[in-house]
Amino acid sequence: MTSRTNGEPLVRLSGVNKWFGELHVLQDIDLDIARGEVVVVIGPSGSGKSTLCRAINRLEPIEEGEIAIDGERLPEEGKELARLRADVGMVFQSFNLFAHKTILENVTLGPVKVRKQSKSDADRRARELLDRVGVSAQADKYPAQLSGGQQQRVAIARALAMEPKVMLFDEPTSALDPEMINEVLEVMVGLAKDGMTMVVVTHEMGFARRAANRVVFMDGGRIVETAEPETFFTNPQSERAKDFLSKILTH
Amino acid sequence: MSPVIENLDLYVDGFLTSLSIIVVAMIGSLLLGTLIAAFRVSPVPPLRAFGTFWVSTFRNTPLSVVLFFCAFGLPELGINRTFYFFGVLGLILYTSAFVCEAIRSGINSVSAGQAEAARSIGLNFSQSLRFVVLPQALRTVVPPLGSVIIAMFKNSAVVGAFGVGGDLWSTGQTLTSARGYETLPIFIGVAIGFLLITLPAGAVLQVIERKVAIAR
């Protein structure tokens, strides 16, 4: 799908700094993400990649700099922030499905309460989405009754139900058993092919190669290197990236 | 037990007055306590500070002192209501602090990821609390909240002592001091009156506990 290239990036981070106490977890981050672009963020643990991802919908507030989505600066707390978050889908490492609600209710809660859709419209749309991610048979079960892979696919459907402009994935397959990783990645590749703008924090090199437009390598709170996936994996420029890749690719 | 039988009509009146104090105070303190708990976990610092102030004040002041302030302090400020009103108000204020802390412990038992997911789909703070966090918090909160509410039932006797009049406790008081009945049978009657409220309440709590547990 061709992106609407009006020059304006969909997500823009400029001069972003964040500290956890003494720890400088995000250092002078500048990053533009175009419409329809899929960016994979990679890096050793503690590099700030999850924090970066979470800062984009302000689950982590930042101390300095500016984050804008579709030209609109992220507001502080309150109604405006909630409205903007509705446009940003988020998928967590630990799924975070609402434990007291059925699968169907998990997907319809946002559309009904935030988008003010009618229950029947939201239900119909939710079933379509559940079908698309391959868990429609589980619609009336509770999250605890599903496998990790199924739960994560429901989490993706829940985010999609809000018709977000951009989707954030914070290590979406890190908590999954190996045989369930692929079913989640397949859904994500499908989304990427449909032109969804995505920021994906992951160690899945296969996904990066298949679906990403760009790889952003982070270390020590900084963006160290940005490149196309193939270039990054075969010919990394920085010493730190070479070292990191040698550790994860030798096995 | 003939003194009790002889004055059964007084006991029934006392029972009904106590019951009305208890029901009003229960509804009031549950609503107020939940609101204060929402303040205490809110992202707005002044609200959090207010919630903390509220709890430290009312949890750490003896009920009799709170009742004194309501029954005799508020009239000095020009607020004139019945003793019943002031008594129930004092009981609500006092109990709300304990309700708040019970509910807050339940909120803290819900994993942070649930609230993050709620905010991520665009729910605002009060919506995340209402639709996602509180329904899950209430499951763990039923037993401690039940203890708080039953303690409040018994505290209603202290409210009676503050001149509300006509409740179970004052009925016993009137019968023994003004009419010269012996204390033992009269107050056994009072105790039975309270047990008639608290024991069924305990049974109702168990039913609620089982119900919310199954909904998982």
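Table for the structure above
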item	result
Qualifying positions in region B:173-189 - in contact (Cβ under 8 Å) with a residue 60 or more places away in the chain and not polar (S, T, N, Q)	B:L175, B:Y181, B:E182, B:P185, B:I186, B:I188, B:G189
Criterion violated by A:R73 - all others in (1) closer than 24 Å to A:R214 by Cα; (2) touching a residue at least 12 places away in the same chain (Cβ under 8 Å) satisfied	(2)
Residue count, region B:118-127 (criterion: open to solvent by 40 Å² or more (accessible area, probe 1.4 Å), at the interface with another protein chain (Cβ under 9 Å from one of its Cβ atoms) and either touching a residue at least 40 places away in the same chain (Cβ under 8 Å) or outside any loop (DSSP other than H, G, I, E, B) (or both))	2
Qualifying residues in region A:72-87 (those that are within 19 Å of the chain's Cα centre (by Cα) and part of a loop (DSSP other than H, G, I, E, B)) - the one nearest to the other protein chains (Cβ to nearest Cβ)	A:A86
Residue match in region B:128-151 (condition: modelled with pLDDT of 90 or more, at positive phi and surrounded by 16 or more Cβ atoms within 10 Å (Cβ to Cβ))	no
Enumeration of residues in region A:106-121 that are of a type in the set (S, T, N, Q), open to solvent by 40 Å² or more (accessible area, probe 1.4 Å) and either touching a residue at least 12 places away in the same chain (Cβ under 8 Å) or within 14 Å of chain B (Cβ to nearest Cβ) (or both)	A:Q117
Matching residues, region A:88-105, being in contact (Cβ under 8 Å) with a residue 60 or more places away in the chain and either more than 7 Å from chain B (Cβ to nearest Cβ) or surrounded by fewer than 21 Cβ atoms within 10 Å (Cβ to Cβ) (or both)	A:V88, A:G89, A:V91, A:Q93, A:S94, A:F95, A:L97
The one condition in (1) in contact (Cβ under 8 Å) with a residue 40 or more places away in the chain; (2) part of a loop (DSSP other than H, G, I, E, B); (3) open to solvent by 50 Å² or more (accessible area, probe 1.4 Å) that A:W19 fails to fulfil	(2)
Flag if B:V55 is crowded, with 17+ Cβ neighbours inside 10 Å and in contact with a Cys (Cβ under 8 Å, 6 or more places away or on another chain)	yes
Among residues of region B:15-31, those that are surrounded by 19 or more Cβ atoms within 10 Å (Cβ to Cβ) and over 9 Å from the mean Cα position of the chain (by Cα), counted	4
Residue match in region A:43-52 (condition: touching an Asp or Glu at 6+ places or on another chain (Cβ under 9 Å), part of a strand (DSSP E or B) and farther than 26 Å from A:K193 by Cα)	no
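Rundown of residues vs (1) in contact with a Phe, Trp or Tyr (Cβ under 8 Å, 6 or more places away or on another chain); (2) over 18 Å from A:M205 (Cβ atoms); (3) touching a residue at least 40 places away in the same chain (Cβ under 8 Å); (4) within 14 Å of chain B (Cβ to nearest Cβ), yes/no style:
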site: A:Q145; (1), (2), (3), (4): no, yes, no, yes
site: A:Q150; (1), (2), (3), (4): no, yes, no, no
site: A:I156; (1), (2), (3), (4): no, yes, yes, yes
site: A:M162; (1), (2), (3), (4): no, yes, yes, yes
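The values are calculated or read from the model by the stated rules, or taken from the named source; none is laboratory data. Given the structure is predicted, the values throughout are model-derived calculations rather than measurements. As a convention, Cβ positions derive from the backbone with ideal geometry for all residues, glycine included, and neighbour counts pool all protein chains shown. To get the accessible areas, we keep the full protein, side chains included, count just its heavy atoms, and leave off ligands, DNA and RNA. Shrake-Rupley method; radii C 1.70, N 1.55, O 1.52, S 1.80 Å.
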